[in-house]
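Report on the structure given below.
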Amino acid sequence: MDLFPAVAPGELWTFIAGLLLAGLAAGVIAGLLGVGGGIVLVPVLYHTLAGIGVGEEVRMHVAVATSLATIMPTSISSVLAHDRRGAVDRDLLKRWMLPMGAGVLAGSALAGLASGWFLTLLFAVVALPLSIHMGFAREGWRLADALPRGPASYGIAASIGGLSAMMGVGGGTFGTITMTLCGVPIHRAIATSAGFGVLISIPGTVGLAIAGWNAAGLPPYSLGYVSLIGFALLAPVTALAAPLGAHLAHATDRVKLKRIFAAFIALTALRMLWEVIS
């Protein structure tokens with residue numbers, strides 16, 4: 001039985017090549033810049049799925065869900081490595097576990113109900129200011145000297161979980177930025193955000209698998225909105241490429257690289273935005 005019975009062989013190889021390149025880029029960038037690989041995986045998956053004829057009504061759902069599934073093993077491996085160095089804020093993870101989990105479940109449910117048009121618009125609108133912050137923010141910029149406590153803190157955790165689940169990104173994208181703006185040292189922020197990735201990716205993947213269980217137009221061998229073929233190709237490549245990014249971080253000009261990456265994200269977001277409004 002063909003894996004993609006309705007797809008021409010050339011398109012199938014394009015799909016596989018696109019997934020492998022996306023996994024490589026996501027892993028290197030995650031290790032290099034301390035951001036979640038999902039910010040790269042989602043737009044690349046979106047356009048790769050378009051190339052094999054996956055309909056617009058489910059394309060963004062599949063990209064988001066498959067990205068979250070791919071983030072699971074990378075986040076687990078990363079947080080364990082950081083924890084061995086004592087860099088993870090375990091107390092924060094414990095305090096934020098329930099509100100962040102609640103946000104993820106709510107975000108997954110909303111993503112399942114939302115149209116592909118809305119999810120694409122959300123990704124583009126949120127990714128644009130993120131790219132500007134990544135490209136031009138100075139490391140010393142702060143909004144506060146410490147993370148807030150109490151209800152405000154739980155609201156932040158729930159918001160990070162909900163937005164991440166709807167966009168298919170891990171904890172690094174929003175978590176690292178939030179913590180550094182609140183005075184958390186960058187290395188501790190990156191390490192703890194890896195733990196956010198675990199809290200976000202596992203329930204987010206399960207939620208979107210359930211939400212897309214009976215959806216029409218999915219790629220073959222999908223578990224709900226999660227493409228099992230995409231996960232099988234992306235997960236090992238992303239995990240193997242992350243150490244390369246970490247190594248390059250010590251041998252390259254990170255400021256220039258951040259700006260190049262920010263430009264890539266901005267252009268990708270603008271292209272997605274143009275698609276949904278045109």
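With the Cα gyration tensor of region 166-247 giving a ≥ b ≥ c as the square roots of its eigenvalues, does the rule (a/c under 1.5 for rounded; else a/b larger than b/c for prolate; else oblate) give rounded, prolate or oblate?
Working: a/c = 3.62, a/b = 1.75, b/c = 2.07.
Oblate, since a/c reaches 1.5 and b/c is not below a/b.
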MRE, 222 nm, helices only [DSSP H, n ≥ 4, -39500 (n - 2.57), over the chain, to nearest 500]: -26000 deg cm²/dmol
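Based on the Cα gyration tensor of the chain, what are the three equivalent ellipsoid semi-axes, each the root of five times an eigenvalue, rounded to whole Å and given largest first?
29, 20, 18
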Summed residue charge, Cβ within 14 Å of residue 265's Cβ, Lys/Arg positive, Asp/Glu negative: +3
Point-to-point label distance, residue 264-residue 136, nm (Cα→Cβ direction, 7 Å offset): 2.1
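Going through the DSSP H helices of the chain, which span 27 Å or more along their own axis at the Cα atoms while scoring at least 0.5 as a mean Kyte-Doolittle hydropathy? Walk me through the numbers before you get to the answer.
Working: long enough: 9-33 (36 Å, 1.72); 56-84 (43 Å, 0.40); 90-113 (34 Å, 0.70); 116-136 (30 Å, 1.80); 186-211 (35 Å, 1.40); 228-249 (31 Å, 1.77); 254-277 (34 Å, 1.06).
Span-like helices in the chain: 9-33, 90-113, 116-136, 186-211, 228-249, 254-277.
For 121, 49, which order do you get if you count the other beta carbons within 10 Å of each Cβ and list the fewest first?
Fewest-to-most Cβ neighbours within 10 Å comes out as 121, 49.
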Region 35-151 shape via C-alpha gyration tensor axes, a/c threshold 1.5: prolate
Intensity falloff of region 99-155 expressed as log10 I(q)/I(0), Debye formula with alpha-carbon point scatterers, at q = 0.21, 0.28 Å⁻¹: -1.01, -1.02
Amide proton proximity set for residue 227, modelled H, under 5 Å, gap of 5+: 66
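Fewest to most neighbouring Cβ within 10 Å: what's the order for 268, 14, 70? List each step's numbers first, then the result.
Values: 268 22, 14 15, 70 35.
Ordered by Cβ neighbours within 10 Å, fewest first: 14, 268, 70.
Work out, step by step, the length gained on full extension between residue 115 and residue 215: first 0.36 nm times the residue separation, then minus their alpha carbon distance; give nm to one decimal. Let's see the in-between values first.
Values: separation 100, 0.36 × 100 = 36.00 nm, distance 1.22 nm.
In short, 34.8 nm is gained.
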Spin-label model distance (nm) - residue 77 vs residue 240, 7 Å beyond Cα toward Cβ: 1.0
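Could you please rank 187, 82, 47, placing first whichever residue has the fewest other Cβ atoms within 10 Å of its Cβ? Can you show the working numbers first?
On the way: 187 12, 82 19, 47 16.
Exposure proxy ranking, most exposed first: 187, 47, 82.
Read the figures in this text as sums done on the coordinates, not as results from a lab. Predicted model only: the values in this text are computed from it and were never measured. When we count neighbours, we look across all protein chains shown, and the Cβ atoms used for this are built from the backbone with ideal geometry, even at glycine.
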